[in-house]
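Chemist: Handing you this structure, nothing more for now.
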Amino acid sequence: MTRLKKPLLIGVVCALGLAVNLVQAQHRPLKVFVLVGQSNMQGHAHVRTLPHIGMDPETKPMLDEILDDQGQPRVVEDVWISYLSSDGVKKGQLTTGFGADQNKIGPELTFGIYMQKRLGEPILLIKTAWGGKSINTDFRSPGAGPYEFGEDVLNRLRDQGKDIEAVQAEKRQATGVYYRSSVEHFKNVLADIKTVYPGYDPKQGYELAGLVWFQGWNDMVDNGTYPRRNEPGGYQAYSDVLGHWIRDMRKDLSSPDLPVVIGVLGVGGPVADYSPDQKRYRETHQNFRDAMAAPAGLDEFKGNVVAVLTENYWDPELDAIVARDEQIRNRVNNFKKEGKLDDLVKEIRADGELGQEELQVFRQLQNEGKLEQALLARLGATTFNAREMQVLELGKSNAAYHYLGSAKILAGIGKAFAEAMPVANRAGK
């Protein structure tokens with residue numbers, strides 16, 4: 001009998017093991033995860049910010065998962081997605097472009113990558129997200145009952161001469177629209193999975209394996225719905241409605257123990273690290289974060305509802321650089337408003353930062369109407385070092401409430417959602 005050499009034998013055993021795993025995966029129910037939320041679930045990180053992930057040794061491994069050997073966004077072979085948003089439905093294999101538009105990413109990208117790595121089998125993502133939506137109205141589920149106007153709001157509306165009945169009727173009509181749209185989309189996809197994942201075998205079945213909720217901004221800033229938001233418990237209504245939302249979503253998806261990850265809004269990072277300019281928001285932001293996380297602590301949800309503090313994935317370096325850049329922009333803008341950009345040039349020259357030759361260039365740019373941009377570039381060059389300039393150029397593509405449009409931040413959040421998901425062995429459908 002011919003003996004196999006040890007390295008070859010090991011290779012054969014590994015190949016057989018891989019083949020067995022693949023066969024087993026083909027016969028297990030397809031794992032399905034649903035992702036729901038507002039603009040940050042949509043995702044406003046432009047793909048041009050992807051290289052910034054690689055500037056940090058701790059996050060560079062994420063970039064290696066996202067890009068292929070040619071530095072192009074990888075198409076994840078074993079992850080499929082159907083995404084409903086304002087522009088309709090987009091579906092296909094997971095890659096970049098399933099964010100707020102075709103040039104952006106949200107947390108779905110790294111969630112899919114790392115959940116598939118964790119499970120070692122194909123998965124299907126079904127995502128619904130719309131910007132500017134609240135849970136108190138837009139995503140409100142049936143179990144929460146009708147939206148109740150507070151007496152303070154009603155008095156304010158009366159003082160404004162508003163038709164109270166008309167306002168209440170409009171609120172009733174808007175209530176739950178995006179909750180129902182989400183459930184409808186989930187059911188439509190699950191009824192015909194092959195339209196999204198062509199390789200799906202109906203005999204295999206599927207398992208609803210988890211849900212991610214990532215929302216919050218519109219509720220956090222709503223002082224009408226939450227008039228005592230600066231007080232402890234001021235956002236209790238959010239916790240209550242989110243609890244109903246989880247129960248109702250499980251009921252409507254016929255999955256009573258569906259694992260849930262709550263992405264707790266963390267724009268700005270931990271409140272303890274807020275700058276002096278942000279101090280006035282500390283109580284409100286922390287109160288809201290506590291309210292978002294609260295359902296995970298309910299006895300009925302323990303073990304299969306978890307809260308992920310997205311503040312932990314905020315990028316303080318990028319934030320600090322952006323803040324300094326905004327100071328420069330505000331300075332230039334203030335001189336511009338007063339029609340005194342020429343005075344700013346004189347200030348720069350008085351500081352010894354502007355030579356005669358460069359002054360002549362500035363005069364020419366002023367004649368061409370390009371002085372403002374020249375000043376911004378000049379002040380930036382004297383404020384930031386080379387690394388800081390690169391971070392500023394690559395790291396930010398949107399506003400702070402959209403996590404600075406940072407792929408580094410949103411990729412970290414998506415990965416955290418995947419790692420936190422309580423995955424259990426449950427019966428397929």
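Chemist: Taking the stretch 348-375 as the search range and keeping residues that are among the acidic types (Asp, Glu) and surrounded by 13 or more Cβ atoms within 10 Å (Cβ to Cβ), which one is modelled with the lowest pLDDT?
Modeler: If we take residues in the stretch 348-375 being among the acidic types (Asp, Glu) and surrounded by 13 or more Cβ atoms within 10 Å (Cβ to Cβ), then Glu353 is modelled with the lowest pLDDT.
Chemist: Among the residues of the stretch 102-118, how many are over 22 Å from Thr310 (Cα atoms) and either free of Cβ contacts under 8 Å to residues at least 40 places away in the same chain or in a strand (DSSP E or B) (or both)?
Modeler: Residues in the stretch 102-118 being over 22 Å from Thr310 (Cα atoms) and either free of Cβ contacts under 8 Å to residues at least 40 places away in the same chain or in a strand (DSSP E or B) (or both): 1 in total.
Chemist: If you don't mind, there's one more thing I want to ask. Answer yes or no as to whether Leu258 is in a loop (DSSP other than H, G, I, E, B) and within 19 Å of Ala307 (Cβ to Cβ).
Modeler: The answer is yes for Leu258.
Chemist: Given the conditions (1) buried (at least 19 other Cβ atoms within 10 Å of the Cβ); (2) under 22 Å from Pro259 (Cβ atoms), which single one is not true for Asp219?
Modeler: (2)
Chemist: While we're looking at this one, here's another question. Checking the structure you have, find out if any residue of the stretch 236-244 is on the phi > 0 side of the Ramachandran plot and either exposed (fewer than 15 other Cβ atoms within 10 Å of the Cβ) or at pLDDT 95 or above (or both).
Modeler: no
Chemist: Taking the conditions exactly as written (touching a residue at least 12 places away in the same chain (Cβ under 8 Å), touching a Lys or Arg at 6+ places or on another chain (Cβ under 7 Å), surrounded by fewer than 24 Cβ atoms within 10 Å (Cβ to Cβ) and among the aliphatic types (A, V, I, L, M)), does Leu190 satisfy them or not?
Modeler: no
Chemist: OK, next. Scan the stretch 249-265 residue by residue and report those that are hydrophobic (A, V, I, L, M, F, W, C) and closer than 14 Å to Val423 by Cβ.
Modeler: Leu258, Val260, Val261
Chemist: Filter the stretch 306-329 down to residues that are in contact (Cβ under 8 Å) with a residue 60 or more places away in the chain and assigned to a strand (DSSP E or B) and give me whichever is surrounded by the fewest Cβ atoms within 10 Å (Cβ to Cβ).
Modeler: Val306
Chemist: Determine the pairs where a residue that is touching a residue at least 12 places away in the same chain (Cβ under 8 Å) and surrounded by fewer than 22 Cβ atoms within 10 Å (Cβ to Cβ), located within the stretch 74-97, has a partner that is assigned to a strand (DSSP E or B) and among the charged types (D, E, K, R) with Cβ atoms under 7 Å apart, the partner being 6 or more residues away or on another chain.
Modeler: Within 7 Å, the pairs are Gln93/Glu77.
Chemist: What pairs come out if I take residues in the stretch 240-263 that are within 20 Å of Asn188 (Cα to Cα) and pair them with residues that are acidic (Asp, Glu) whose C-beta lies under 9 Å away, six or more apart or interchain?
Modeler: Arg250/Asp257; Ser255/Glu207
Chemist: Now a separate question. Given (1) among the aromatic types (Phe, Trp, Tyr); (2) part of a helix (DSSP H, G or I); (3) out of contact with any Ser or Thr (no Cβ under 7 Å at 6 or more places or on another chain), identify the lone condition not met by Tyr179.
Modeler: Failed condition: (3).
Chemist: Which numbered condition trips up Ser182, out of (1) free of Cβ contacts under 8 Å to residues at least 60 places away in the same chain; (2) among the hydroxyl-bearing types (Ser, Thr, Tyr); (3) closer than 22 Å to Leu94 by Cβ?
Modeler: (1)
The values are calculated or read from the model by the stated rules, or taken from the named source; none is laboratory data. What you see is a predicted model, and the numbers here were worked out from it, not measured in a lab. Because the Cβ atoms are built from the backbone with ideal geometry, glycine has one as well, and the counts that use them run over all protein chains shown.
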